Amino acid sequence: MFKKKECVAMLLAGGQGSRLYALTQKTAKPSVSYGGKYRIIDFPLSNCINSGVDTVGVLTQYRPLLLNEYIGNGLPWDLDRTYGGVQILAPYQGQSGADWYKGTANAIWQNMEFINRYDAKYVLILSGDHIYKMDYAKMLDYHKQTEADCTIAVIDVPIEEASRFGIMSTNDDGSIYKFSEKPKNPDSTKASMGIYIFTKDKLQKYLEEDSLNPASSNDFGKNIIPNMLAAGERMMAYSFEGYWKDVGTIQSLWEANMDLLGANPELSLSEESWRIYSRHTAQPPQYISGDAVVENASITAGCEIYGTVKNSVLGAGVYVGKGAVVEDSVLMNGVSIGDNATVKYAILDENVSIGKKATVGESRACADGIAVVGAGISISDGQKINAGAMISEI
Amino acid sequence: MTAAGLIFSNIHDQGIPEMTRRRTMASIPFGCRYRLIDFALSNMVNSDISTVGVITHYNYQSLMDHIGNGKDWDLARRSGGIKILPPYVTAYENSAAGKLYENRLEALMGSVNFINRCGADYIVLSDCDVIMNIDIGAVIDEHIRSGAYITLVAKKTEVKNSVFDQSAGVLTLDDAGRVTEVAYALPKRGSCYVNTNLMVVSRADLQNIISDSIAHGYKSFSRDIIAKQLKKKPIHAYVFDGFCACISSLENYFSTSMMLLQDNVRRDLFASPDRKIFTKIRNSAPTKYSHEANIKNSMIADGCIIEGTVENSIIFRGVHIGKGTVVKNSILLQDTYVGSGVTLNCVITDKNVVIKDERMLSGYETMPFFIGKGIMV
């Protein structure tokens, strides 16, 4: 028997994140590191548990090994439950054949059984692409109060950027009358955050219809939402205020990391009442040596700093050798910087090793892009990696 | 071959009364994010010991809070796992005797059920005042190979500047490593082997020791068992050559903590990927350093916000250090709040201490200035 759950979350974590190039060669986008000790997926998972949503299906597809291992039994997020908890939902083989997830809507459709087991009345659809802290319980309250069939979380974006998003046009009561995906001439600044709450019965109905239409691309934004609007279902926009960032590009991932720095950071992760949980690897405390210079930086467990670190975010177990300089950079878990090496305006993925006296990138003022080095790559002593270079294989 | 662990959480509490007023020796915070028991527990877990009893006496609320269900050490198990063994006082029988155990032997007598039921071939006994990262599996192997009755882990120490207390158990060894004599004072000069009180004994022998002690009214494990038996039965010493320190006073808590700033000490304690030291996870955000931060030779935990100068210090989780503040040679425990323009030198603050702006406080290396839990200065 399964205990009934009012709301079940479905987290779409199958995306490749191809615009992150070197960072997603070996892993799916939701498991890309962020902010030193986190991975992108820690944000929706932590938001779920902090909002009281304790049943989460994680839909994986692209290179799921690291993601599966990372989520494990859900213990770090308190999602190791007897009833509910977190469950990985991979594509599977059915009687009528096996299918990869063909689109976001199709992925949910293939897993309706999971939702129905808990007899959930509402389904929260999330994606593993964004950095934000949000109370889904408030959004669910809004969905119930307005008796909506579908509620879409929206955030105000500058009008000049609106054409990059799915834009909702709303009436005064918050109901949506028009949805346009990446419009050339946007008539609203309310951008969809990719967070939906559906009343289960409606969701099931429209997913089923969609599954029978061979011309459909089985996508929420392209098919399900427009179809529901066209059919006159009650669609509400839920306005969210606060930090929200799509980290789908190298530039935005870098910026989102930098947003953590400074006296009044745009995003604070030290809020006691809304902790972001992550899986730990039992690293010792960080050590800053007598020769080190550390300014405006975020540094975490296991780091050993003998050189200079400025305006940078360091992951767990990062080593910065004597005389080395790290500026305006994001160094993920296990990166090692050799003595007298220079790393400026760069993102170094996990376990990258930079040889002695090597240089990566150029100072931010004159560089024409962020230098990126993919996971596990070693840059030999004295080698030079140009600004804006993208190193995914040697 | 299976082994179970037994940890004494309170023995030696009186050595450091400043920090054990409201906690056990086992739960004294150490090294930015650990509690002393983490070393004993992790050593056992890393040697595949998955049944561990923790003998408590008093003040064990903070210890229970720290251990929880044991999952941070992978000891939340259906079979075995971690068990807290509180003092065994029954409603009727103990009203006349009416007292808690007073020594190691009595503590073992109170834990006889755990020992009888754990089913392991060997029992590893450990105190909580010793800080080391040791492969206990190797100790058990040597115990079996040498055919010893009891194997004690010994550490060779120079008497001058020793990290051990003057009254530590000093072992005299023969060439084969058998203990020939036990004394209870460090010699005047030279070096000696000190008993760390980490020991291995077969469960059957331990059961016999306990029943003998009840029958004969023995009081002291070291005097009545080890010293008495060493002529008749082989008491063996396993000499450990890694870093090993023993917390026996506030002064020595201070100096031992400062040793963590030496590269070789940190390497010995923390660098082995197969023998990590585990502790309770707090999910703090990474530590943030401001533009004005100036950090030299310090060990710092996660969850801190540092806007001032920190030199030769140990900073625990969630500490805030304000602008223009200078912290030197100090140990600031969890959630200490230091305002701006403060100067601290050779100070130990317990948890949740608040130091207001512009205060100047200083102790000395051999007499660190201690500020108790939650005090506002």
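Structure notes:
- Size of region A:285-382 as Cα extents on the principal axes (Å, biggest first): 34, 27, 21
- Remark: chain A carries a charge dipole of roughly 620 debye about the Cα centre, counting +1 on each Lys and Arg Cβ and -1 on each Asp and Glu Cβ.
- When the alpha carbon gyration tensor of region B:288-371 is reduced to an equivalent ellipsoid, the three semi-axes, largest first, read 17, 13, 12 Å.
- Kirkwood-Stokes translational diffusion coefficient of region A:115-186, alpha-carbon pairs, 4 °C, 1.567 mPa s, µm²/s: 90
- Residues with amide H under 5 Å from that of B:Leu173, placed H, sequence gap 5 or more: B:Thr180
- If R0 is 60 Å, the Cβ-Cβ spacing of B:Asp212 and B:Glu251 corresponds to a FRET efficiency of close to 0.95.
- Every helix of 4 or more DSSP H residues in chain A counts as -39500 (n - 2.57), and over all residues that averages to -4500 deg cm²/dmol at 222 nm.
- Part-to-part distance (alpha-carbon centres) for region B:308-377 and region A:336-372, which is given in Å: 36
- Nearest-0.05 FRET efficiency for B:Thr180 and B:Lys356, computed from C-beta distance (R0 56 Å): 0.45
- Each other residue within a Cβ distance under 9 Å of A:Val326 adds +1 if Lys or Arg and -1 if Asp or Glu, for a net charge of 0.
- Net length gained if the chain between A:Ser378 and A:Gln25 were fully extended (0.36 nm per residue, minus Cα distance): 125.5 nm
- Placed amide H near B:Cys246: partners under 5 Å, 5+ positions off or other chain: B:Ile131
- Net charge of neighbours whose Cβ lies under 13 Å from the Cβ of A:Ile377, counting Lys and Arg as +1 and Asp and Glu as -1: -2
- Legend: Rg and Dmax of chain A, from Cα coordinates, 22.0, 68 Å.
- Residue exposure sequence - A:Trp254, A:Trp77 - by fewest surrounding Cβ within 10 Å: A:Trp254, A:Trp77
- Computed from label points 7 Å out along Cα-Cβ, the spacing between A:Lys205 and B:Glu365 is 8.0 nm.
- In chain B, the sites counted are GluC sites (Glu not before Pro) in DSSP loop states with at most 12 other Cβ atoms within 10 Å, and the longest stretch holding none of them, exclusive of the sites, is B:103-357.
- Annotation: amide H-H contacts under 5 Å for B:Lys83 (H modelled 1.01 Å from N, sequence separation of 5 or more, or interchain): B:Val52, B:Gly53, B:Val54.
- In the distance distribution for the protein assembly as shown, Cα-Cα pairs more than 33 Å apart total 59 percent.
- Residue by residue, region B:236-252 carries 3J(HN,Hα) couplings of 9, 10, 9, 8, 9, 10, x, 5, 8, 9, 10, 8, 10, 7, 5, 4, 7 Hz when phi is fed to the Karplus relation 6.51 cos²θ - 1.76 cosθ + 1.60 (θ = phi - 60°); x denotes Gly or Pro.
- Rounded to the nearest 20 debye, the dipole magnitude of region A:308-394 is 280 debye, with +1 charges on Lys and Arg beta carbons, -1 on Asp and Glu beta carbons, and the Cα centre as origin.
- Debye, to nearest 20: dipole size of the protein assembly as shown, +1 on Lys, Arg Cβ, -1 on Asp, Glu Cβ: 1460
- Those residues of region B:222-246 whose amide nitrogen sits under 15 Å from the label point placed on B:Asp205, 7 Å along Cα→Cβ: B:222, B:225-239
- Computed [θ] at 222 nm, deg cm²/dmol, chain B (DSSP H ≥ 4; -39,500 (n - 2.57); rounded to nearest 500): -6000 deg cm²/dmol
- FRET efficiency for A:Ala263 and B:Asp141, using Cβ-Cβ distance with R0 set to 56 Å, rounded to 0.05: 0.55
- Derived scalar couplings ³J(HN,Hα) [region A:368-382; Karplus, 6.51 cos²θ - 1.76 cosθ + 1.60; whole Hz; x for Gly, Pro]: 9, x, 7, 7, 10, 10, x, 4, x, 7, 9, 9, 6, 3, x
- Remark: region A:349-365, residue by residue, has Karplus-estimated 3J(HN,Hα) of 6, 3, 6, 6, 10, 10, x, 4, 6, 6, 10, 10, x, 10, 4, 4, 4 Hz, where x stands for each Gly or Pro and the curve is 6.51 cos²θ - 1.76 cosθ + 1.60 at θ = phi - 60°.
- Across the options A:Leu140, A:Trp109, A:Pro91, the greatest Cα extent toward the positive end of the charge dipole of region A:89-157 (unit charges at beta carbon of Lys, Arg, Asp, Glu) belongs to A:Pro91.
- This ranking places A:Glu181, A:Glu160 by how few other beta-carbon atoms lie within 10 Å of each, fewest first, which gives A:Glu160, A:Glu181.
- Using distinct alpha-carbon pairs, which all enter the 1/r mean, Kirkwood radius of region A:88-150 in Å: 14.1
- When each of B:Ser257, B:Ser313 is scored by the number of other beta-carbon atoms lying within 10 Å, the sequence from fewest to most is B:Ser257, B:Ser313.
- Given charges at Cβ of Lys, Arg, Asp, Glu: the protein assembly as shown dipole, positive-most of A:Ala375, B:Thr180, A:Pro158: B:Thr180
- Selection among A:Ile354, A:Val335, A:Ala324 by position relative to the dipole of region A:293-394 gives A:Ala324 as farthest towards the positive end (Cβ unit charges, Cα centre).
- Calculation over all alpha carbon pairs of region B:3-270 in 10 angstrom steps from 0 returns a P(r) of 7, 30, 39, 21, 3, 0 percent.
Rule-based calculations on the coordinates, nothing more; no lab input. The structure presented is a predicted model; accordingly, all values stated were derived computationally and were not measured. Backbone-built Cβ (ideal geometry, glycine too); neighbour counts: all protein chains shown.
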